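None of the figures in this text is laboratory data; all of them are computed from the coordinates on show. From a predicted model like this one, the values you see are computed outputs, not experimental measurements. Don't worry about glycine lacking a Cβ; one is built from the backbone with ideal geometry, like all the others, and counts go over all protein chains shown.
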């Protein structure tokens with residue numbers, strides 16, 4: 001059975017991508033995109049990393065990055081985040097510039113990473129578009145971290161820990177600015193966004209509108225009416241759509257059997273999952289997987305040419 005590989009050693013991940021660089025610190029590495037050329041592979045299929053990743057990108061119009069089957073819409077002048085729970089896949093561009101930073105939770109033992117820095121969470125938007133002024137500041141910050149990473153000097157690790165913490169908080173400032181823009185929206189818009197975040201986080205175990213209404217401290221009727229007014233879709237249909245998206249992701253990214261996918265998604269009987277999938281997608285899971293395998297676009301990092309939304 002094919003599963004999505006999980007890399008637990010940073011240098012082993014470098015070997016898998018073809019990157020010649022290595023780190024002498026088991027829990028930390030920072031390097032430039034430029035240093036990965038020309039030997040790094042062009043396409044990296046779905047995988048997970050047992051650490052946190054921060055990527056600052058410039059000149060990336062010809063590249064592709066997918067985080068949990070969602071394509072980052074604009075890579076040039078962006079920063080993206082991933083945790084050990086995220087599934088990543090990418091196609092390298094020819095002119096990319098920027099920095100990649102890896103760190104394990106053990107490198108910052110005093111900080112609960114995903115509590116303090118929400119941009120690493122699965123239920124958050126895991127990328128930010130960066131304006132030119134901020135890009136210059138971030139570029140300098142990453143370069144500063146890289147300088148100390150390359151130095152062999154006393155207190156090197158402590159300095160890197162301090163610099164990384166400062167960088168993560170600076171990125172939190174940018175993230176919070178985006179959240180402040182959300183606060184200027186209507187109560188209905190904010191409720192719709194919060195509902196969709198909760199669905200992303202809990203759809204595997206909670207499929208009823210009542211569950212989400214209880215979390216949001218409102219009645220199911222009020223939640224349903226608000227979601228319908230904000231999105232044009234019912235709350236129950238959005239829960240079903242998220243479940244179907246995960247099913248399509250697993251069908252495209254893995255060779256898991258249909259009954260294994262059904263069990264993962266919480267269906268006791270594969271036939272129940274099959275009926276659900278057909279209602280949502282229009283074909284059976286096997287037919288959808290076969291269509292993916294026959295579709296054009298063999299250069300995609302996803303089996304069958306890509307994961308259609």
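Using only DSSP helix segments of four residues or longer, with each worth -39500 (n - 2.57), what per-residue ellipticity at 222 nm results for the chain after dividing by its residue count and rounding to 500?
It lands at -14500 deg cm²/dmol.
With Cα Rg over 2.2 N^0.38 Å in mind, check (1) 1.26; (2) 0.94; (3) 1.07 and report the label derived from this structure.
Recomputing Cα Rg over 2.2 N^0.38 Å here gives the entry labelled (3).
For the range 249-279 and the range 7-32, what is the separation of their Cα centres, given in Å?
35
Using a/c under 1.5 as the rounded threshold, could you call the range 111-163 rounded, prolate or oblate? The axes a ≥ b ≥ c are square roots of the C-alpha gyration tensor eigenvalues, and prolate needs a/b larger than b/c, oblate otherwise. Could the numbers behind the result be given before it?
Values: a/c = 3.60, a/b = 1.37, b/c = 2.63.
The shape class here is oblate.
Tell me, what is the FRET efficiency for residue 95 and residue 219 to the nearest 0.05, using R0 = 45 angstrom and their Cβ-Cβ distance as r?
Numbers: r = 53 Å, r/R0 = 1.18.
In this case the efficiency is close to 0.25.
Provide 228, 233 in ascending order of the number of other Cβ atoms located within 10 Å of each residue's Cβ, fewest first.
Values: 228 15, 233 12.
Fewest-to-most Cβ neighbours within 10 Å comes out as 233, 228.
Based on the Cβ-Cβ distance of residue 8 and residue 111, what FRET efficiency does E = 1/(1 + (r/R0)^6) give at R0 = 22 Å, to the nearest 0.05? Show your work: numbers first, answer last.
Values: r = 21 Å, r/R0 = 0.95.
Once rounded, the FRET efficiency stands at 0.60.
Testing the spin-label approximation: label points 7 Å from Cα along Cα→Cβ at residue 41 and residue 133. State their distance in nm.
4.2
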